[in-house]
Amino acid sequence: MTHPVQQQVLQILRQDWAEYIPQFRRMSPEAQTAFLAAQGYARFGDLLAHIVAWWQVGHQSIQRYLSDPTFQPLRYDVDAFNAEAVAQAAAKSEDEIAASFETMRTALIDFVERLPEAAFENENVLRQLNMEFTGHLGEHQIPEPE
């Protein structure tokens, strides 16, 4: 039996995040521009690169929490971290970044499916799952079409 948090995170990864790129691409060019401006990104690939970078942090942090009970998460300068994620993706096309988003999303589904039951009793793991997958979706929610 899967833990309720595990079920929730898997649903978000399998459904909500799976629809993220198609939802954006269904928006009108004007709506896309307005959404990206509101999010603070020049192009959709930059936003996706930012999401993937934080997913990588979440994945690594959860692994560390499970292998080392004394692990203290790194403190990030969020603006600098986001700028670096965008800079690293600058030479990549939106399609390349979208492919890395999908690769990471698929890997995370596998990762969350394989998490031991004890992971869902670990407050640090629960917080990380919420921050990177549930909460992050809320921060970058694509608006419903008018």
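Summary of values
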item	result
Selection within region 1-20 - among the charged types (D, E, K, R) and either part of a helix (DSSP H, G or I) or touching a helix residue (DSSP H, G or I) at 6+ places or on another chain (Cβ under 6 Å) (or both)	Arg14, Asp16
Qualifying positions in region 100-146 - under 22 Å from Gln72 (Cα atoms) and of a type in the set (Lys, Arg)	Arg127
Those residues of region 89-101 which are open to solvent by 40 Å² or more (accessible area, probe 1.4 Å) and under 18 Å from Glu132 (Cβ atoms), in sequence order	Ser100
Selected residue (criterion: modelled with the lowest pLDDT) from residues of region 130-146 that are under 11 Å from the mean Cα position of the chain (by Cα) and of a type in the set (S, T, N, Q)	Thr134
Filtered residue count, region 21-55, keeping only those that are surrounded by 14 or more Cβ atoms within 10 Å (Cβ to Cβ) and in contact with a helix residue (DSSP H, G or I) (Cβ under 8 Å, 6 or more places away or on another chain)	21
Residues of region 130-145 that turn out to be farther than 18 Å from Gln60 by Cα and either part of a helix (DSSP H, G or I) or touching a residue at least 40 places away in the same chain (Cβ under 8 Å) (or both), as a count	7
Residues that are surrounded by 15 or more Cβ atoms within 10 Å (Cβ to Cβ) and over 12 Å from the mean Cα position of the chain (by Cα), drawn from region 4-13	Val5, Gln6, Gln8, Leu10
Hits in region 103-146 - residues which are among the acidic types (Asp, Glu) and open to solvent by 60 Å² or more (accessible area, probe 1.4 Å)	Asp110, Glu113, Glu117, Glu121, Glu123, Glu139, Glu144, Glu146
Phe111 vs. criteria more than 23 Å from Met27 (Cα to Cα), of a type in the set (A, V, I, L, M, F, W, C) and in contact (Cβ under 8 Å) with a residue 24 or more places away in the chain	yes
Residue in region 70-79 that is under 30 Å from Ser28 (Cβ atoms) and surrounded by 18 or more Cβ atoms within 10 Å (Cβ to Cβ) present	no
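The values are calculated or read from the model by the stated rules, or taken from the named source; none is laboratory data. Values in this document were obtained by computation on a predicted structure and should not be read as measured data. Ideal geometry is used to build each Cβ from the backbone, glycine not excepted, and the neighbour counts take in all protein chains shown. For the accessible areas, the whole protein counts, side chains as well, though only heavy atoms, and no ligand, DNA or RNA atoms are used. Shrake-Rupley method; radii C 1.70, N 1.55, O 1.52, S 1.80 Å.
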